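Just so it is clear, none of the values below were taken in a lab; they were calculated from the coordinates. Note that this is a predicted model, so its numbers are computed, not measured. Cβ: placed from backbone, ideal geometry, glycine included. Neighbour counts: every protein chain shown.
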Amino acid sequence: MSLPDASALALTAWLAFLVTVILLLLATPLAWWLSRTQSRAKPVVEAIVALPLVLPPTVLGFYLLILFTPENPLGAVWVQLTGSTLTFSFTGLVVASIIYSLPFAVQPLQTAFERIGTGLMEAAASLGARPWDAFFNIAAPLSWRGFLTAAVLSFAHTIGEFGVVLMVGGNIPGETRTVSIAIYEHVETMDYGEAHTLSAILLFVSFSVLLVVYGLGRRRALHVG
Amino acid sequence: MSDDQLALLATCAFPGFTLEVNEALPLEGCTAVFGPSGSGKSTLLRLIAGFQKPTTGHVYCAGTPWSDAGRRLHIPPDKREVGYLFQDGRLFPHLSVMGNLAFADTRSRATSGAITFDGVVSAFDLKPLLDRHPESLSGGERQRVALARTLLTRPRLLLLDEPLSALDRARKREILPYLEALPHRFGVPTIYVSHAVEEVVRLADRILILADGKTVAHGDVTETLNAFGYDVDAEAGTRPAVILEGRCVDPYCANGLAVISVGSARLSLPARPGLAAKYTVRMRIDARDVAISLTEPVGLSIRNVLPATIRALHPIPGQPFVDIELDSEGAPLFARITQDAVAELSLTPGQRVFALIKTASFD
C-alpha cells in the first residue's frame, strides 16, 4: 500500500472516531429530550434530524458548502475566529459528517430511551435520585444497547460517506482525502490493485466491528436477561 | 397549618375527570385512601408525591409548602422525602436486590435511627435474596424488596399505591404481615391506597373514602366503615359487613388460635405473624358468616359467640334473605339469614339473642 493511501486510512479512522464521540455527546441530550417531550416542536425536530436519511448526500453537501464559504455569515465568523475556512478543511469535514450521521446516532438512542418509559424514572425520583443521577445510573445503563448501536452506526456511516465529503472537503491529501475518495480516485485512474487493497481493508474492518458488536450483544443479553 | 399534618387543598383537572380534595391528614399511623377504580386514589397519591402538579390549590407537609399553584411553587418528587411504593414494584432490572436496596440507602438524606440497612434486610427476610436479580424473583418477593427499598429512603411519609393488587391471594397473605408491622416497627406515617376493604381494615387507623374525585368520608376506620353500613365494599357492591374492634389478649394460644377480647366476649381467630398482645385488632365480619341463636349455644362447632340485641330487620327485596341488624354491647353487627328462619325463631326488634361467628371468617 502506498503512503498516501495509508494516510487516507488514518485520516478516515480519526474522522470517524472524532465524529462518533461528538455525536454521542450531542445526540444523547437531543434523543432524551425527544423521548420525553410533549412539545409541539417534536415532529419538526424529528423531521430535521431524519433529513440526512432521505436527502441525496450531494444536496446536503451543496448546502453545507454554501453555508461554509467565507461569503456567508457562518463561514465568515469561523474565519474570524480560527483564521481558516470551513470549506476544504478537516474541521469542515467533521462538522459536515456530524450533520450527515446525526439520525444514525439519535434514532437508536431515542428508541432505547423511550423503551425505559416513565415508570423506572419515577421510581428513581421517589428514591431521592436527582434527574442527572437517575439518567446516569438508571436510564444510561438500561440503554447500553442503544448507545452501542448509535456508536457503531455513526462510526460506520462516517467511514462510508462519499458525496458530502467530496462536496465540502474535496480531495486534499492528509486533510480531506478519505478512503472512499481514494478508492474512487484509484478507479478513475484505472488503478484497480490499489482500489482492491483499500476496499478489502474497509470490508474486513466493517465486518469485524459488526461481528464484535453482535457477539457482545448476545453475551450481555444472556447475562442481563 | 399544623406541624404534624399533610394539608391538601387542591384540584387536579383532567379531561373528563377532576380530583378535588380539602383534607388534613395527620402525619402518624396509617391512613387508607379507599374507593373504586377511577375514583382518583392514585391521582391523590401522585399529587402528594409530586408526580402530579395541582391545577389549583396547594399541598403542605408539616407547614412546608410542597406544591402551591398560586405561587407557582413545586418541589419535585426527588426532594420531598416521600417513599412511594408502586403497584408493580418497579425494581431496577439491571441491579441486583442488593443494588436496588443500596440505590435507596445511599441516597437517603435523612438520618433515622429506626431504619438501618441491616435492620430492614432482616425485617423483610431479604438476606437470601440479596444477590438475586429482579427477574428471578416471584411477585411477592419483588414487592417485599420494593417495600424495603422504599423504607430505606427513610421517608417522612410512606405512600403505598395498591401494593397488593398485582398479587394472588397466597402472595398477598405473604406480604400483609410485613405491611402490618410497618407502623410499630419503623414508625413511618403511611398513606395506603386500596380498593380492598379487608386490607384497609387490617392495616389502617383512618380512612378517606373517595368517589368520582371527591371525598365522601374521612375518619376513624371502624366508625367510618360502620357508618356506611350497607355499601361499604367497593368491589362486592352492597354486602352488609361490619368492623369489630378488639384487643389481642393472647397472640398465640394453643391450636394456632389467637384470643381477642371484644367487649365482655372473647373471640378466637387464626393466629397470624405480626400480632402481639395488647394490639388493637380489627375484624371485618360479613353478614353471611353470622348466625343467630336464641339461647347461648353448647355443643356447637362455632367458637365465637357474642351476646346481642336485635335492632332492626331488613328484608332483601327479591331474595329469600333478611339482614338482621344487631347491637353487641355498642358494636354493630349484621346477620344474613333466611326469611324462614326469622319466622321460625319469631325474631323481633329488641329481642336478646346470641350472634354466632364462624372462626374462618376473620381471615
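The table below gives the values:
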| quantity | calculated |
| --- | --- |
| Residue mean of other protein chain beta carbons inside 10 Å, B:74-86 | 4 |
| Three-way shape label, segment B:1-115, alpha-carbon gyration tensor, a/c 1.5 | prolate |
| Label-to-label distance, nm, for residues given as A:T91 and A:E46 (7 Å Cα→Cβ offset) | 3.6 |
| Under Karplus coefficients 6.51, -1.76 and 1.60, residue-wise ³J(HN,Hα) of segment B:288-295 in Hz, glycine/proline x | 6, 9, 10, 10, 10, 10, 7, 10 |
| Listed peptides B:145-157, B:20-32 by packing density, highest first (mean Cβ within 10 Å) | B:145-157, B:20-32 |
| Integer Hz, Karplus 6.51/-1.76/1.60 couplings in order for segment A:187-192, x for Gly and Pro | 5, 4, 8, 6, 8, 5 |
| Residue with peak Gaussian network fluctuation, chain B [Cα springs, cutoff 10 Å], from B:F34, B:F321, B:F186 | B:F321 |
| Span per principal axis, largest first, for the Cα atoms of the protein assembly as shown (Å) | 116, 53, 50 |
| Neighbourhood net charge (13 Å Cβ-Cβ; Lys/Arg +1, Asp/Glu -1) for B:Q351 | 0 |
| Farthest positive-ward along the protein assembly as shown dipole, Cα basis, beta-carbon charges - from B:S194, B:I260, B:G139 | B:I260 |
| Shielding by partners - mean other protein chain Cβ count within 10 Å, residues of A:127-135 | 6 |
| Within chain A, helix-based [θ] at 222 nm, where runs of 4 or more DSSP H residues each add -39,500 (n - 2.57), nearest 500 | -25500 deg cm²/dmol |
| Theoretical FRET efficiency, 1/(1+(r/R0)^6), r = Cβ-Cβ of B:R247 and A:W33, R0 51 Å, to 0.05 | 0.30 |
| Theoretical FRET efficiency, 1/(1+(r/R0)^6), r = Cβ-Cβ of A:L25 and B:D220, R0 41 Å, to 0.05 | 0.10 |
| Alpha carbon Rg of segment A:1-130, scaled by the compact-globule rule 2.2 N^0.38 Å | 1.34 |
| Inter-label distance, nm, simple model (7 Å from Cα along the C-beta direction), A:L210/B:T280 | 7.1 |
| Lysines whose Cα lies under 25 Å from that of B:K79, excluding same-chain neighbours fewer than 8 positions away | B:K41, B:K53 |
| CD proxy at 222 nm, helix term only [per DSSP H run n ≥ 4: -39500 (n - 2.57); per residue of chain B; nearest 500] | -6500 deg cm²/dmol |
| 10 Å beta-carbon shell around B:D105, net charge (K/R +1, D/E -1) | +3 |
| Hz values of 3J(HN,Hα) by residue in segment B:311-319 - Karplus curve (6.51, -1.76, 1.60), Gly and Pro given as x | 9, 7, 10, 10, x, 9, x, x, 10 |
| Shielding by partners - mean other protein chain Cβ count within 10 Å, residues of A:138-145 | 2 |
| Chain B - Kirkwood radius from inverse mean 1/r over Cα pairs (Å) | 22.2 |
| Rough spin-label spacing in nm, given labels placed 7 Å along Cα→Cβ, for B:D118 and B:R71 | 4.3 |
| Highest-fluctuation residue, A:V187, A:V44, A:V165 considered, GNM on chain A with Cα pairs under 10 Å | A:V44 |
| Whether segment B:250-314 is rounded, prolate or oblate, judged on the alpha carbon gyration tensor where a/c under 1.5 counts as rounded | prolate |
| Förster radius 56 Å - calculated FRET efficiency between A:T82 and B:K79 (Cβ-Cβ, nearest 0.05) | 0.80 |
| Protection proxy ranking of B:279-292, A:47-60 - average other beta-carbon atoms within 10 Å, highest first | B:279-292, A:47-60 |
| Long-range HN-HN contacts of B:A32 with modeled amide H, under 5 Å | B:Y192, B:D205, B:R206, B:I207, B:L208 |
| Under 20 Å from the Cα of B:K127 - aspartates and glutamates, other chains or at least 8 residues apart | B:D105, B:D118, B:E135, B:E141, B:E174 |
| Segment B:1-122 - charge dipole about Cα centre, Lys and Arg +1 at Cβ, Asp and Glu -1, debye rounded to 20 | 460 |
| Residue with peak Gaussian network fluctuation, chain B [Cα springs, cutoff 10 Å], from B:P183, B:P163, B:P15 | B:P15 |
